Amino acid sequence: MAMSRDEIFSEVQEVLVDALGVDDDEVTDNATLMGDLGAESIDFLDIVFRLEKAFDIKIPREELFPAESLMNEADFVENGKLTEKGLTALKDAMPHTDLSGFESDPDINKLGDLFTVSSVVNFIDMKLNGA
């Protein structure tokens with residue numbers, strides 16, 4: 001059953017409020033899961049589990065949050081930044097995420113900022129509606 005972006009956002013918002021103990025009004029499109037909402041690595045497992053339940057879909061963790069696996073590739077990271085090859089892999093892995101800001105300064109310490117509420121909503125939208 002296709003869902004609108006607003007319906008998906010509402011459901012994702014509820015999941016994040018429950019998983020992270022934040023308020024509804026903190027879960028905005030541009031909020032980052034780690035920086036703004038205080039998510040830690042361990043929370044991502046819980047978030048994935050809750051999203052699977054809420055939307056009745058299977059989500060491989062590395063599909064929604066691929067950055068960790070990319071960091072372990074030697075030729076993807078150099079001097080604390082993603083290489084051209086790493087950026088290409090990230091784009092392929094995260095078509096649901098706007099990487100335009102990150103590309104200008106692909107500092108691996110900023111990878112967490114890519115996980116926004118909007119990117120999660122886009123991901124679910126792609127999964128459900130094949131967009």
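The values are calculated or read from the model by the stated rules, or taken from the named source; none is laboratory data. In this text the structure is predicted, and so the values were computed from the model without any measurement. Here the Cβ positions follow ideal geometry from the backbone for every residue, glycine too, while neighbour counts run over all protein chains shown.
Out of Leu16, Leu20, report the one residue that is touching a Leu at 6+ places or on another chain (Cβ under 7 Å) and in contact (Cβ under 8 Å) with a residue 40 or more places away in the chain.
Details: Leu20 fails: in contact (Cβ under 8 Å) with a residue 40 or more places away in the chain.
None of the others qualify; the one that does is Leu16.
Looking at Arg5, Arg61, Arg50 in this structure, which one is within 12 Å of the chain's Cα centre (by Cα) and basic (Lys, Arg)?
The unique qualifying residue is Arg61.
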statement: Of the residues in segment 111-127, those that are touching a helix residue (DSSP H, G or I) at 6+ places or on another chain (Cβ under 8 Å) and within 13 Å of Ser10 (Cα to Cα) number 5
task: Being closer than 17 Å to Ile59 by Cβ and in contact with a strand residue (DSSP E or B) (Cβ under 7 Å, 6 or more places away or on another chain) is the filter here, so list the residues in segment 95-131 that pass it.
output: Phe115, Thr116
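For segment 71-89: of the residues being in contact (Cβ under 8 Å) with a residue 24 or more places away in the chain and touching an Asp or Glu at 6+ places or on another chain (Cβ under 9 Å), which is nearest to Ser119 (Cα to Cα)? Full working, then the answer.
The initial filter retains those residues of segment 71-89 that are in contact (Cβ under 8 Å) with a residue 24 or more places away in the chain, namely 71, 77, 80-82.
In the following step, the residues that additionally are touching an Asp or Glu at 6+ places or on another chain (Cβ under 9 Å) were identified as 80-82.
On the way: Gly80: 23, Lys81: 21, Leu82: 20 Å.
Checked segment 71-89; the qualifying residue nearest to Ser119 (Cα to Cα) is Leu82.
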message: Within segment 47-65, does at least one residue satisfy the condition of being touching a Leu at 6+ places or on another chain (Cβ under 6 Å) and within 24 Å of Ser104 (Cβ to Cβ)?
response: no
query: Do we have Met71 as in the same structural domain as Asp6 (by TED's automatic domain parsing), among the aliphatic types (A, V, I, L, M), loosely packed, with under 15 Cβ neighbours inside 10 Å and under 16 Å from the mean Cα position of the chain (by Cα) here?
result: no
